Amino acid sequence: MPLQQTLFTEIEVQPQATIVRLKGEARLLVDNLERDLARAMLSRPSLVVLDMSQLSFCSSLGMGAMVSFRRGLIHHGGRVVLCALQPLVLESFQRARLHDLFEIRGSMDEIPAVAGAS
């Protein structure tokens with residue numbers, strides 16, 4: 001049985017930030033995530049917010065895609081903020097010690113550049 005895509009993304013470019021909304025589960029198929037994150041980086045934004053409020057699971061492959069994205073964005077002078085992680089996803093990031101690598105916020109309201117804009 002072929003694997004089905006369980007992760008969907010939406011990209012919204014705002015004047016002060018690019019918001020990438022992740023929906024579903026980042027399991028084994030993360031090709032779309034990698035492609036969409038690369039697309040979000042094309043304009044070399046100074047800030048990318050990954051809105052993870054609708055992401056219910058994130059595998060190590062999904063985490064790896066986000067780490068690679070962060071590395072590329074930082075190389076071009078940008079920064080990544082993870083926002084609104086569900087408890088299971090936050091726990092996974094903590095167990096992988098990625099909470100030390102990423103800036104994590106509880107909600108979009110905690111990010112002045114995008115507060116009230118979503």
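Here, each number is a calculation from the coordinates, and none is a lab measurement. Everything numeric here is computed off the predicted structure, so don't read it as measured data. As a convention, Cβ positions derive from the backbone with ideal geometry for all residues, glycine included, and neighbour counts pool all protein chains shown.
Summing charges over all other residues whose Cβ lies under 11 Å from the Cβ of residue 85, with Lys and Arg as +1 and Asp and Glu as -1, gives -1. What's the extension gain from residue 107 to residue 56 if we count 0.36 nm per residue and subtract their Cα-Cα distance? Stretched out fully, the residue 107 to residue 56 stretch lengthens by 16.8 nm.
Relative to the longest principal axis of the Cα atoms of the chain, the long axis of helix 60-75 lies at roughly 30 degrees. Rounded to two decimals, the Cα-based Rg/Rh of the chain, with Kirkwood Rh, is 0.94.
Maximal additional length on extending the residue 16-residue 28 stretch stands at 1.1 nm, based on 0.36 nm per residue less the C-alpha distance.
Dividing the summed helix terms, -39500 (n - 2.57) for each DSSP H run of n ≥ 4, by the number of residues in the chain produces a 222 nm estimate of -9500 deg cm²/dmol to the nearest 500.
Using r as the Cβ-Cβ distance of residue 91 and residue 68, and R0 as 22 Å, what FRET efficiency do you calculate, to the nearest 0.05?
0.50
A Förster radius of 25 Å, combined with the Cβ-Cβ distance separating residue 75 from residue 39, puts the computed FRET efficiency at roughly 0.90.
For residue 14, the amide hydrogen comes within under 5 Å of the amide hydrogens of 19, counting only partners 5 or more places away or on other chains and with H modelled in the peptide plane.
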